[in-house]
Amino acid sequence: MREFLGILSISEGSLHFWYKETMHTAMFVRRIPLARCSSRARCTFKRCFNQKAKNAVEGEDLSPRTSFFKIFGVASTFLTVGFAIGFGLNNGNHSFGSTTKLKDLKPLVYASNDRVQYALSNIVKIVGEDNITTSPGELKTHSEDPSKFIEAKDHEHPYAVVYPTSVDEVSKIVKICYDACIPIIPYSGGTSIEGHYIPTRKGISIDVSKMDKIVAIHEDDLDVVVQPGVEWTYLNEQLEDYGLMFGPDPAPGALIGGILGTNASGTNAVRFGAAKDNVLSLTVVLADGTVVKTRQRPRKSSNGYNLTNLFVGSEGTLGIIVEATLKLHVKPTNEVITMMNFRDLGDASRTVSELFKRGITCNAVEIMDNRQMNAVVQMGSGGDRKWYPDHLLLLKLSAVDDTSLNSILKTVENIGKTNKAFNIQVAKSKEDKEDIWRVRKTLLWNSLGWAKKYKPNAMVLPTDVCVPMSKLPELITKAMAMLESADLLATAAGHAGDGNVHVLVIFEPEQVQEAHRCINEMSKMAIELEGTVSGEHGIGVSEKRELLERELGTDTIDLMRTIKYALDKKCILNPDHIFRIDPSENRNPFK
């Protein structure tokens, strides 16, 4: 509860008044914009304070000599408005608790079309006519990704797409949107698949792909400064001559801004970590246009909050990343690929665990289940190599010299055989390594082609659950049994070294609801196994929004919502993504 103590002053179009919280001895001052008061209350305040200022100039003021009625009138006015403000505070979108509950918020209201058009006329002056478009094709491209795993609704497209080319331009654009209360949807490479840039409130899409410069390579410090529009494979090409590389390897075409925004990773994560493990510092434009740098370049820092990782994985809901300092790694040399088959998934999992416990460092540890391998065999997509329709474990291994590498390979072979591995092969030449890895990289299209033999109109949906490494066999076994009982086809592949698995759920169009039901059940299975609904794809506006609350708990989501409101008071940055911020919003991504 709050006890209202009195008006302090009016300045800059706001009321300043004192209050104190129950159970607190300290008093606090609160600034309330006059715009939040009724028109009658605003007039009363201004009339009272203007009269007081006039009296002060003329040498008069409220004093014991002032007439009783004048004092009574002023006091009554202050008391009445004070009660009104106190009531408004207790019923507004402001909470003095540590978390923000959805039910305590009011529905969000954004700018009208006329106001948006006026703002766009000012944005054109900043970026020029060549860097802004309302082309239907561009609006569609910036509304949903080509996979259409999560589709935009008919009304969900931006008013315009803007292509800034500098930090200053991004800041100015955001400032205009903030003042006008226009939603902003950050966009970079467009390769995400969870509806991350679907403009649920229309708004303006800010595409940073033209900010594509490598600002500085610090070879001796093993870091690089880049703009958000740099594509990660291009970055690695530029680092080739230095013998360095950026660790994460998500989908081709992914840009640094999106990689950081979704905390993407890939097959290299077991060795080099996800995006969050490969960033030292960020420059971010906040919701009101303020530009902040989260920290300096050193590898270590214990100064203040870890703001860098606050923005990584925030999916554009807290700020727009406009520059990043990334960690680099020495590119592995003498790298080989070891493959081995297992008839039991548990044996493959135990092999991975024992490799780690023996101190074997793997650059990648990938698993393809027997259904996936059966598709490879039936489709003949593995080339001339002999493939078996059994669980396949792929390991990338490297060492500084051949002696060390041979020792590692011997240990790996022994551990594999102990766990009933067979068909153990080692690929050392570039051609052999590419042949083996191609099977892993093309599994989506291979699975879909195989499925069409049984379901001619087959469609596919991916999953991204992640569990503790030892729980992976249990998850895959239970998920496959559920999908089979639902008359759905499925294959599984994933990152065995970190428990992240992608089950491809394959179905006929009329089975779409059942497919989504099973995917949600799979997420619940992962949660029960102390896992997560997303290992590397993110949440977006998918059904994972509701499941995330089941995974983390209501209080944790409420805390995230508090952080959101603290940094984005008008909720203009990618609204509705990750979790709900509007109690009136109930978007179902598939209806």
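The values are calculated or read from the model by the stated rules, or taken from the named source; none is laboratory data. Note that this is a predicted model, so its numbers are computed, not measured. Neighbour counts are summed over all protein chains in view; Cβ atoms, including those assigned to glycine, are modelled from backbone coordinates with ideal geometry. Side chains included, ligands, DNA and RNA excluded: accessible areas come from the protein's heavy atoms. Shrake-Rupley method; radii C 1.70, N 1.55, O 1.52, S 1.80 Å.
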* Residue check, Asn588 against (1) without any contact (Cβ under 8 Å) to a residue 60 or more places away in the chain; (2) part of a helix (DSSP H, G or I), all met but one. Which one? -> (2)
* **Residue list for the stretch 412-432, restricted to those being surrounded by fewer than 16 Cβ atoms within 10 Å (Cβ to Cβ) and in a helix (DSSP H, G or I)** => Glu413, Asn414, Lys417, Thr418, Lys430, Glu431, Asp432
* Single match in Glu514, Glu521 (criterion: in contact with a strand residue (DSSP E or B) (Cβ under 9 Å, 6 or more places away or on another chain), of a type outside the set (S, T, N, Q) and surrounded by fewer than 18 Cβ atoms within 10 Å (Cβ to Cβ)) -> Glu514
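Among the residues of the stretch 354-366, what is the count of those that are open to solvent by 10 Å² or more (accessible area, probe 1.4 Å), touching a residue at least 40 places away in the same chain (Cβ under 8 Å) and not in a loop (DSSP other than H, G, I, E, B)?
Adding up the residues that qualify gives 2.
Provide a single number: the residues in the stretch 286-307 that are more than 14 Å from Val174 (Cβ to Cβ), open to solvent by 30 Å² or more (accessible area, probe 1.4 Å) and not aromatic (Phe, Trp, Tyr). Please lay out each step first, then the result.
Taking the stretch 286-307 as the starting set, the residues that turn out to be more than 14 Å from Val174 (Cβ to Cβ) are 293-307.
In the following step, the residues that additionally are open to solvent by 30 Å² or more (accessible area, probe 1.4 Å) were identified as 293, 295-307.
Filter again for not aromatic (Phe, Trp, Tyr), leaving 293, 295-304, 306-307.
Residues that pass the stated criteria total 13.
Taking the criterion of being outside any helix (DSSP H, G or I) and either in contact (Cβ under 8 Å) with a residue 24 or more places away in the chain or among the hydroxyl-bearing types (Ser, Thr, Tyr) (or both), would at least one residue in the stretch 443-450 satisfy it? Walk me through it before giving the result.
If we filter the stretch 443-450 for residues that are outside any helix (DSSP H, G or I), which is where we start, we get none.
No, the conditions are met nowhere in the stretch 443-450.
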* Long-range neighbours under 7 Å by Cβ, at least six apart or interchain, first residue assigned by the TED database to the domain that holds Met480 and open to solvent by 60 Å² or more (accessible area, probe 1.4 Å) within the stretch 370-388, second assigned to a helix (DSSP H, G or I) and of a type in the set (Phe, Trp, Tyr) -> Gln378/Trp450; Met379/Trp450
* To do: Answer with yes or no whether Ala496 is in contact with an Asp or Glu (Cβ under 7 Å, 6 or more places away or on another chain), within 14 Å of Val460 (Cα to Cα) and of a type outside the set (S, T, N, Q).
  => no
* Tally, over the stretch 531-567, of residues that are open to solvent by 20 Å² or more (accessible area, probe 1.4 Å) and of a type in the set (Val, Ile, Thr) -> 5
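Does the stretch 188-199 include one or more residues that are outside any loop (DSSP other than H, G, I, E, B) and open to solvent by less than 50 Å² (accessible area, probe 1.4 Å)? Lay out the reasoning, then the answer.
To start, the set of residues in the stretch 188-199 that are outside any loop (DSSP other than H, G, I, E, B) comprises none.
So far as the stretch 188-199 goes, no, none of its residues is outside any loop (DSSP other than H, G, I, E, B) and open to solvent by less than 50 Å² (accessible area, probe 1.4 Å).
When you scan the stretch 496-510, do you find a residue that is among the small types (Gly, Ala, Ser), within 27 Å of Pro252 (Cβ to Cβ) and without any contact (Cβ under 8 Å) to a residue 40 or more places away in the chain, even just one? Talk me through it step by step, then tell me what you get.
Taking the stretch 496-510 first, the residues among the small types (Gly, Ala, Ser) are 496-497, 499.
With within 27 Å of Pro252 (Cβ to Cβ) added as a condition, the list becomes 496-497, 499.
Imposing the further condition that a residue be without any contact (Cβ under 8 Å) to a residue 40 or more places away in the chain reduces the set to 499.
Yes.
Which of the residues spanning the stretch 300-315 are among the charged types (D, E, K, R) and without any contact (Cβ under 8 Å) to a residue 60 or more places away in the chain?
Here is the first cut: in the stretch 300-315, the ones among the charged types (D, E, K, R) are 300, 315.
Correct list: Lys300 only.
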* To do: Residue by residue through the stretch 224-255, note down the ones that are touching an Asp or Glu at 6+ places or on another chain (Cβ under 8 Å), of a type in the set (A, V, I, L, M, F, W, C) and buried (at least 22 other Cβ atoms within 10 Å of the Cβ).
  => Val226, Val230, Trp232, Ala254, Leu255
* Which residues, taken from the stretch 397-407, are surrounded by 19 or more Cβ atoms within 10 Å (Cβ to Cβ) and either among the polar types (S, T, N, Q) or over 15 Å from Val352 (Cβ atoms) (or both)? -> Leu405
* Structure fact -> Those residues of the stretch 477-500 which are under 21 Å from Thr267 (Cβ atoms), assigned to a strand (DSSP E or B) and either at pLDDT 95 or above or not assigned by the TED database to the domain that holds Lys357 (or both) amount to Ala490, Thr491, Ala492, Ala493, His495, Asn500
* Asked: Any residue in the stretch 274-285 that is closer than 24 Å to Met368 by Cα, open to solvent by 10 Å² or more (accessible area, probe 1.4 Å) and either modelled with pLDDT under 95 or touching a Pro at 6+ places or on another chain (Cβ under 9 Å) (or both)?
  -> yes
* Please identify the pairs in which a residue from the stretch 394-417 that is free of Cβ contacts under 8 Å to residues at least 40 places away in the same chain has its Cβ atom under 8 Å from the Cβ atom of a residue that is of a type in the set (Gly, Ala, Ser) and surrounded by 15 or more Cβ atoms within 10 Å (Cβ to Cβ), counting only partners at least 6 apart or on another chain. => Ser407/Ala399
* Asked: Here are Leu310, Leu326, Leu394: which of them is under 35 Å from the mean Cα position of the chain (by Cα) and buried (at least 23 other Cβ atoms within 10 Å of the Cβ)?
  -> Leu326
* Members of the stretch 528-575 found to be part of a loop (DSSP other than H, G, I, E, B) and out of contact with any helix residue (DSSP H, G or I) (no Cβ under 8 Å at 6 or more places or on another chain), listed by number -> Gly535, Gly540, Val541, Ser542, Gly553, Asp568, Lys569, Asn574, Pro575
* **Residues within the stretch 302-318 that are in contact with a helix residue (DSSP H, G or I) (Cβ under 8 Å, 6 or more places away or on another chain) and on the phi > 0 side of the Ramachandran plot, tallied** => 3
* Asked: Of all residues in the stretch 200-214, how many are out of contact with any Cys (no Cβ under 7 Å at 6 or more places or on another chain) and either β-branched (Val, Ile, Thr) or outside any loop (DSSP other than H, G, I, E, B) (or both)?
  -> 6
